[in-house]
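Nothing in this text is a laboratory measurement; each read-out follows from the coordinates by a stated rule. This structure is a prediction, so every number in the text was calculated from the model and none was measured. Neighbour counts run over all protein chains shown; Cβ positions are idealised from the backbone, glycine included.
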Amino acid sequence: MSKSPSLRRIQADIRELSIDPSDQYHAAPLEHDMFEWHFTIRGASSTDFEGGVYHGRILLPPEYPFKPPNIVFLTPSGRFETNTKVCLSFSSFHPELWQPAWGIRLILEALISFLPTPADGAIGALDWTKEERVKLAKESVKFRCPVCCEVGKTCVDLLPELKAEKEEGKKTKFHEEIEKLKMLQFQNHAVEEGGSNDDAKDTLEGNEEAQKAAVASGLESELTSSAPTTTDDNSTVKPSKVKKELPEVHSTNVSATAAIQETNHTPAPTPVTNNTAAAVTNTPSTQAAAETENEASLLAAVEEPLVSDRTLNGVIAVLAFLVILLVRQASELVDELKSLEDWRND
């Protein structure tokens, strides 16, 4: 009877960690439940967690690796609550960010990297003081898991011995992915706390938003009389707001254009003498002609393109980057599936 894809992937994770272990972490599934793993990680140096050893559980779903796991810490750290499923950008709280190519090793390295990050009000996150975290780090070496630890031993004994050449600080193959996950963690919870998605978008699309703001600012200067007044919180008019004003201006200028065409077909005026010149310049028809000229110049300003070539080039560059990223992720997934198939054949 063939094994399920989840069990095959779990066995591949076990094999990977056994072939290439790290002195910074250790993880293994329970004997009676392959979908529950217990992990032990070291706190990163030069942080509040230096010297600490933290133990917890990784709860894999039946659909693993196509769905993310739950993460539960058992050792108090001052950063995460204990016996609580914590919200992380690579946990079950954010399945939209999870990638099937990720596995146990990425989770362990990400947990070490996420310990010194701000809590940001996420579920299961704590924001204790530095003094409290340092104290808990010293006490963490005494923590003992009754499931994993033998009698008289603690979770420190589960970790491999530290190597002469420190592995900590070295960039792994998951370094870029973990940095992106940290940025997404900040982005998601900044939106939840502040109620504004603009700050998150500025983090990822600052150049594009700046270009759009410049275009909107240029239109605002031409439509001062009709554009809405800006406030201190929003110093530039968004393109969507400018577009709402365009139909009214355009309808006004259509009638102005018709008036200009009408004046072009009227008979030429008769010559006037010096005595009547002043009276003619102040006639209603002369004032109407001046108004139509102003409206015509306004029409020319409004009909300028809303989006410049520079903005279009920026959008195209962003789309190209996303396509390259998707292709790369697809390639990694294909390689992972091939390795699993080769391992199964072996």
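Some notes on this structure:
- FRET efficiency for the Arg8 to Ala119 pair, using the beta carbon distance and R₀ = 30 Å, is estimated at 0.25.
- Derived scalar couplings ³J(HN,Hα) [the range 128-141; Karplus, 6.51 cos²θ - 1.76 cosθ + 1.60; whole Hz; x for Gly, Pro]: 6, 6, 4, 4, 5, 5, 5, 5, 5, 5, 5, 7, 5, 5
- FRET E, pair Lys338, Glu131, Förster distance 35 Å, beta-carbon r, rounded to 0.05: 0.10
- Legend: ranking of residues Leu115, Leu97, Leu322 from fewest to most surrounding C-beta atoms inside 10 Å; resulting order Leu322, Leu97, Leu115.
- Relative exposure of Thr311, Thr129, Thr40, judged by other C-beta atoms within 10 Å (fewest first): Thr129, Thr311, Thr40
- The range 34-121 shape via C-alpha gyration tensor axes, a/c threshold 1.5: prolate
- Packing-based exposure ordering (other Cβ within 10 Å, fewest first) of His32, His55: His32, His55
- Other-chain or far-sequence residues with amide H under 5 Å of Val141's (modelled H): Val53
- Interchain or long-range residues, amide H under 5 Å from Thr84's placed H: Phe73
- For the range 5-168, relative contact order (Cα pairs under 8 Å, six or more residues apart, normalised by length) works out to 25 percent.
- Violating pairs (Cα-Cα greater than 20 angstrom) within the set Lys138/Lys173; Lys3/Lys173; Lys85/Lys182; Lys173/Lys338: Lys138/Lys173; Lys3/Lys173
- Cα→Cβ-extended label distance, 7 Å offset, between Lys142 and Leu326, nm: 5.5 nm
- The range 1-77-the range 144-164 distance, computed between alpha-carbon centres (Å): 15 Å
- Under 5 Å, built H, 5+ apart or other chain: amide partners of Ala28: His38
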